[in-house]
1. Amide H neighbours of ALA31 under 5 Å, counting only residues 5+ apart in sequence or on other chains, H built in-plane at 1.01 Å?
2. Hey, rough spin-label estimate for ALA48 and ASP91, points 7 angstrom out along Cα→Cβ, what's it come to in nanometres?
3. Probe radius 1.4 Å, ligands and nucleic acids ignored: give me the carbon and sulfur share of the accessible area of segment 31-111 as a rounded percent.
4. Given a Förster distance of 22 angstrom, what is the FRET efficiency for VAL24 paired with ASN82, based on the Cβ-Cβ distance and rounded to 0.05?
5. How much FRET efficiency would the formula 1/(1 + (r/R0)^6) give for PHE72 and SER105, where r is the Cβ-Cβ distance and R0 is 35 Å, rounded to 0.05?
6. Find the relative contact order for segment 44-133 and round it to a whole percent, using C-alpha pairs within less than 8 Å whose residues are 6+ positions apart.
7. Can you work out the Karplus-derived ³J(HN,Hα) for every residue in segment 23-36? Use 6.51 cos²θ - 1.76 cosθ + 1.60 with θ = phi - 60°, whole Hz, and x for glycine or proline.
Amino acid sequence: LLVGHQPPVKKEISNVQSIKIGGVQVNVDLALTPTEQEQGLSGRSGLAENTGMLFVFDQPGQYAFWMKDMKFSLDMIWLDTNLKVVYIKKDATPESYPATFAPGSNAKYVLEVSSGFSDKNNLQVGPAHMVDPAGAHRRDGSSVYTVPGAARFTSRALMDTQGHGVAAAQPADGPATA
């Protein structure tokens, strides 16, 4: 759940349904608008295996998350504009609220998955642990990574023709939450 408020993200990012991280395909719900980001996974009873929520921001920032109104533990994975893992908060518990968790460097995306996902899939901070742009898929099942030289992503994890992240994001006015 994200703490704070930021402008809405462009709607063309709204059709990605899965990403690939650590070699694992993860089905994602997108949190694109301030309302979706503030709600996050709050109120849900849990997540199925290899599912999560991907928060997409207009600009890179040090977005803080918390566990307000959460009913289960999470791993939170912050990704920079190049889709490199820059910070992982493992096993954030509902009891940790009102503590906030944030990276020490800028991130443009945050992926929330069930607690234990990061350890199970050996995720670590660094360039070797990135979201695989070829692993993003649209809701119709087609790959988002298509023609070389063309824009790669039209959704969540947007990539330009050189493979750099281009999804929009803007830092929140305050801390962000799970």
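1. LEU54, PHE55, VAL56
2. The two pseudo-label positions are separated by 2.7 nm.
3. Working: 1360 of 3140 Å².
Solvent-exposed carbon and sulfur of segment 31-111 make up 43 percent of the total.
4. Working: r = 19 Å, r/R0 = 0.88.
Computed FRET efficiency for VAL24 and ASN82: 0.70.
5. Values: r = 27 Å, r/R0 = 0.78.
Computed FRET efficiency for PHE72 and SER105: 0.80.
6. Working: 197 pairs, mean separation 34.3, N = 90.
Once divided by the residue count of segment 44-133, the mean separation gives 38 percent.
7. Result, ordered by residue: x, 10, 7, 10, 6, 10, 8, 9, 10, 9, 9, x, 5, 5 Hz.
The values are calculated or read from the model by the stated rules, or taken from the named source; none is laboratory data. Every value quoted in this text rests on a predicted model; they were computed, and no experiment measured them. No Cβ is skipped: glycine too gets one built from the backbone with ideal geometry, and neighbour counts run over all protein chains shown. In case anyone asks, the SASA skips ligands and DNA or RNA and just uses the protein heavy atoms, side chains included. Shrake-Rupley method; radii C 1.70, N 1.55, O 1.52, S 1.80 Å.
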